Structures are given as C-alpha cells and as structure tokens.
Amino acid sequence: MYKKIQILLVKMGKLVVCVAVVCTAAVCGAAAVLLMMRRMKNCGEWGKAMAMLKEFEEKCATPVEKLRQVADAMSVEMHAGLASEGGSKLKMLISYVDNLPTGDEQGLFYALDLGGTNFRVMRVQLGGKENRIVKHEVKEVSIPQNVMAGSSSDVGQDVVGELTKAMERVDLDVRVAALVNDTVGTLAGGRYNNPDVIAAVILGTGTNAAYVERAHAIPKWHGLLPKSGEMVINMEWGNFHSTHLPVTEYDQNLDAESLNPAEQIYEKMISGMYLGEILRRVLCRMAEEASLFGDYVPQRLKIPFILRTPDMAAMHHDESADLKVVGNKLKDILEVPNSTLKTRKIVVELCDIITSRGAHLSAAGIVGILKKLGIDTLKNGEKHRSVVAVDGALFEHYTKFRNCMEGTIKELLGDAADSIVIELSSDGSGVGAALLAASHSQYLGLDES
Ligand code: ADP
Ligand code: MG
C-alpha cells in the first residue's frame, strides 16, 4: 500500500497534499482503504481537471508576438474595409459625421440609448463654450425580457419614424434629430471634453470601435470630400476575424449555438455578453469530464448564459483567503452547496484566462487602429498626445479586465506608450448623441429657413 502511495507521490507532483491525507487515514483499516481508493479516484479526476485547465490556458494563450499579429491584421482589415464595400469583415461604415463637437453647441437635448440590456434616457442641457454641459441627468430602465428576446431588427427598423409617431400620439413637441451609433456618440462626447480624442471603443454588452479617418484615405467614398477633411468611421469591429485569434472549441460551440453563427467572432471573445458564458461552458465540461464539483454535474450549469459577466468579475476579484465570494456565487447561481477551496481556485483561474484573453485582444485591436493612423510609434522623437475614449460597463467595472487591457496597450506600444491615453468616458455616448443632434439641428434649421 504505502509503496503505491509513494509512487503516486512522486508521479503526481502537485497532488502531494491530497495523498498525504490518505496516508494517515489508511492505517485505520478497511473503511480507510475504501476511503483511500475513492480519494485516489478523486486524485485521478483532479489530475484530469488540472490537465483540462492547462490545455485551455494553452489554447487561449496570447503572447505578445501573437498580439502584434492581431494588431497588424486589424490594421490590414481596416484598409480593406475602407477600400471597397464588403472588402473586409470589418464593415468600416461611413457615419456621415464629418464634424465633431466644438463646444459651441447649445440647447436642451434628450438622448435615448436603446442598445444593450438597459434603456437609458439622458437629458443634456448644453450651454455653449462658456457654460459647457449645464445639466446632465440619466434615468435607466431595464428592458423587459420579451422585448430583449425580440430580434434586433424589431428595434433597429425605422426607430426614428416610430419614435416620432409615438411622441406625436402623446402630444410631445420633440423632434428626433439623429440616430447615432453608440460608438460614434462616444467619440463625439469624448471629443467635446477633450480635443485629443481620436477614437472611441465600447466595451459593454458588446464591443465596437469608431475613429476619425482622413477623408482622402477612404477609397470607397465617392462623394464630395467633407470640408473638415475628416470622416468618422464606425468600424463594427466586433465582426473582426483573423486566423491569429486564439479560437478554442468552447468558442466554436458558443458561436455555433448563438443567434448569429459565424458573425461577431471577435466580440464573442471579448465582450460582457459572452465572457461569463465561456466560463460556464468550460466549467460544464470540467464538471462532466473531471468531476470538478464532485460526483454530480450541477444541472444549472447546463443553462446557457446563467453565469453573467458581473458575477464572473465578482469571483475574479475575490481576495478572501477561502474565496468566499466564489463559494457564494457557486451556491447562489449554480446551486453547488459546498465547493472545495481547490475547486474555487480553478474557477478563479478560469476567470483569469478568459478575461485576460479578452483584454489582450481588445488591446491589440486598439493598437491596430493606432497603427492604421500611424501613431503607434514615435517618429523622429516627435511628441503628440492622442486619446482613446472608452465607454461600457465591462471596462468601467471589471477592474482586472481594464488593468490588463491598459497594461497590454503600454507593452505593445513601448516608447510610444506615453503619447497614448486611454480614458473612461462613461455616458459619453448619450452626451455625444445630444451633441450630434445639436450640430445636426443647426443644419435642419438652415434647411427650413
Ligand atoms: P450596454 O453595453 O448594454 O450599452 P453597459 O455599458 O452598461 O451597457 O454594459 C453592460 C454589460 O457590461 C453587461 O451586459 C455586463 O456584461 C457588463 N458588466 C456590467 N457590470 C459589470 C461588472 N461589474 N463587471 C463586469 N462586467 C460588467
Ligand atoms: Mg451602451
């Protein structure tokens, strides 16, 4: 017996503690032998769990060289998407926003944020150069499940028309001035606060980016060049794809079972809607194949999207010695009554792998944009300052995601890191929409006179 155990000790390296417990129990007779056999089986399962963890980590790996390839690919795809319609999976949509806010805008505006999981109403009073934003209030209503379940085109189709009709019905004298993509809105809001803002990124339920492009660098644009010489491009970067993306079988399954298979692959590796779901899928497989939670598979683990990214963030951020938060989340969400510390540690490890990958890939995407603009390196020691405005609760509240993303951008930029600033711009999109409505209504005024 002891010999066998000693072999186990040698072979299993990290599992010494587990076997040592068996040694002391084994001297107590037959019952102890049974116990030991069970424990040895558990050790085998545990070894399997560790092997699955290691394999997942390797498949998700994003070393710096790979991230440079992703950044290069992003920049190449940007060129292709600007060259011709359908030239890339990146749509690179021309937003027709060729003038960003200057600060002169005035008036009272309401911005409705219809995207994602919440419905936000913002009231923005703009006071011109002197007074800037006088008032900015936000009311948030969660979108009812039945509305959420509707296809996105129900909400996207002629929103302006429907909204106008609805307001006429209740006798509201409000004119719908503009329908603005949230990323473009964030860019406008960011620019209003800081003239150095050149790009905006959304990291919330989904992910997207917009940036200011030189109009002559948009071959697919055949109209008159705008006076400003600039055009905001809505990249729709969630749909970015490259063979350099570390796609695992969990990602493939998630994609295949999603509402939009083969689309938004980059978004499915990064954004808040999916990070928790990737975690659920890995945990489910580990429960089935390596008895991560003991002899049974928690049935709730089989329910898609039951693990939400905010819960994942709470587990990832748990700093208590016994990982109490992790234990409670497993109990409350998955109905796992008692989880062992080593299981909790695996959960945290998985959170880290999934979130780091997402943060690394979004960092590479941002560096790709900077590369396209030629500001990812310092040229002749020239100094400049460029700001990327970021909005979205994933970036705002998932601290480990945010720190990891910012650190990776610095690492990828090297010497040029000092000239690039990543700035949180919460509610930037609502304020930005109000600002764009303001500049748009100036044109409407001209038209009517
Ligand atoms: P939207 O993207 O829908 O416009 P938000 O920017 O508020 O709205 O993002 C909401 C998403 O952000 C949620 O779906 C969730 O995935 C993620 N999120 C919200 N809070 C947190 C949090 N504390 N930690 C991690 N992710 C969060
Ligand atoms: Mg939003």
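The values are calculated or read from the model by the stated rules, or taken from the named source; none is laboratory data. Owing to the predicted nature of the structure, the values given are computational and were not obtained by experimental measurement. Glycine gets a Cβ as well: all are built from the backbone with ideal geometry, and neighbour counts include every protein chain shown. Heavy atoms of the whole protein, side chains included, go into the accessibility calculation; ligands, DNA and RNA do not. Shrake-Rupley method; radii C 1.70, N 1.55, O 1.52, S 1.80 Å.
How many residues are of a type in the set (Lys, Arg) and open to solvent by 70 Å² or more (accessible area, probe 1.4 Å) if we restrict to segment 319-348? Please lay out each step first, then the result.
We begin by selecting, within segment 319-348, every residue of a type in the set (Lys, Arg); these are 324, 329, 331, 342, 344-345.
From the residues that got through so far, the ones that are open to solvent by 70 Å² or more (accessible area, probe 1.4 Å) too are 324, 331, 342, 345.
Residues in segment 319-348 being of a type in the set (Lys, Arg) and open to solvent by 70 Å² or more (accessible area, probe 1.4 Å): 4 in total.
If you scan segment 395-420, which residues turn out to be in contact with a strand residue (DSSP E or B) (Cβ under 7 Å, 6 or more places away or on another chain) and outside any helix (DSSP H, G or I)?
Of all residues in segment 395-420, those in contact with a strand residue (DSSP E or B) (Cβ under 7 Å, 6 or more places away or on another chain) come to 395-396, 406, 409, 413, 419-420.
420, the sole residue that qualifies.
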Reported set for segment 362-395 where residues are of a type in the set (D, E, K, R), surrounded by 18 or more Cβ atoms within 10 Å (Cβ to Cβ) and away from ligand 1 (no atom under 16 Å from the Cβ) is 371, 372, 376
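Filter segment 70-90 down to residues that are assigned to a helix (DSSP H, G or I) and open to solvent by 80 Å² or more (accessible area, probe 1.4 Å) and give me whichever is nearest to residue 220 (Cα to Cα). Before you say what the answer is, go through the steps one by one.
As a first pass, look at segment 70-90 and keep what is assigned to a helix (DSSP H, G or I): 70-83.
If we keep only those that are open to solvent by 80 Å² or more (accessible area, probe 1.4 Å) as well, we get 76, 79.
Values: 76: 15, 79: 10 Å.
Out of the qualifying residues, it is 79.
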Cβ-Cβ below 7 Å, separation at least six or inter-chain, first residue in segment 423-441 and under 9 Å from residue 186 (Cβ atoms), second β-branched (Val, Ile, Thr) and assigned to a helix (DSSP H, G or I): which pairs?
425/186; 428/186; 429/186; 432/186
Enumerate the pairs (first residue in segment 396-414 and open to solvent by 20 Å² or more (accessible area, probe 1.4 Å); second residue anywhere and modelled with pLDDT under 95) with beta-carbon separation below 7 Å, excluding pairs fewer than 6 apart on the same chain, so at least 6 apart or on different chains.
396/426
Residue 430 being modelled with pLDDT of 95 or more and not basic (Lys, Arg)
no
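Among the helices (runs of 4 or more DSSP H) contained in segment 179-277, which hold 1 or more residues that are open to solvent by less than 10 Å² (accessible area, probe 1.4 Å) and within 16 Å of ligand 2 (Cβ to nearest atom)? Give the steps one after another, and end with the answer.
On the way: elements: 182-193, 249-256, 265-270.
In segment 179-277, the matching helices (runs of 4 or more DSSP H) lie at 182-193, 265-270.
Given the residues 261, 226, which is the only one that is touching a helix residue (DSSP H, G or I) at 6+ places or on another chain (Cβ under 6 Å) and at pLDDT 95 or above? Reasoning before the result, please.
Working: 226 fails: at pLDDT 95 or above.
Being touching a helix residue (DSSP H, G or I) at 6+ places or on another chain (Cβ under 6 Å) and at pLDDT 95 or above holds for just one of 261, 226, which is 261.
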Which of the residues belonging to segment 249-277 are within 14 Å of residue 205 (Cα to Cα), out of contact with any strand residue (DSSP E or B) (no Cβ under 8 Å at 6 or more places or on another chain) and in contact (Cβ under 8 Å) with a residue 60 or more places away in the chain?
269, 273, 275
For segment 59-69: of the residues being touching a helix residue (DSSP H, G or I) at 6+ places or on another chain (Cβ under 9 Å) and part of a helix (DSSP H, G or I), which is surrounded by the most Cβ atoms within 10 Å (Cβ to Cβ)?
67
Criterion: open to solvent by 50 Å² or more (accessible area, probe 1.4 Å), among the aliphatic types (A, V, I, L, M), at pLDDT 95 or above and within 24 Å of residue 188 (Cα to Cα) - qualifying residue of 93, 108
93
Could you list, in sequence order, all residues of segment 189-223 that are at pLDDT 95 or above, more than 30 Å from residue 261 (Cβ to Cβ) and of a type in the set (Lys, Arg)?
214
Exactly one of these conditions fails for residue 294: (1) away from ligand 1 (no atom under 16 Å from the Cβ); (2) farther than 26 Å from residue 208 by Cα; (3) at pLDDT 95 or above; (4) surrounded by fewer than 21 Cβ atoms within 10 Å (Cβ to Cβ). Give me its number.
(3)
Given (1) of a type outside the set (S, T, N, Q); (2) within 17 Å of residue 238 (Cα to Cα); (3) under 16 Å from the mean Cα position of the chain (by Cα), residue 368 misses just (3)
Show the residue pairs that are 6+ apart or on different chains and have beta-carbon atoms under 7 Å apart, the first residue being within segment 373-394 and assigned to a loop (DSSP other than H, G, I, E, B), the second being β-branched (Val, Ile, Thr) and within 16 Å of ligand 1 (Cβ to nearest atom).
392/202
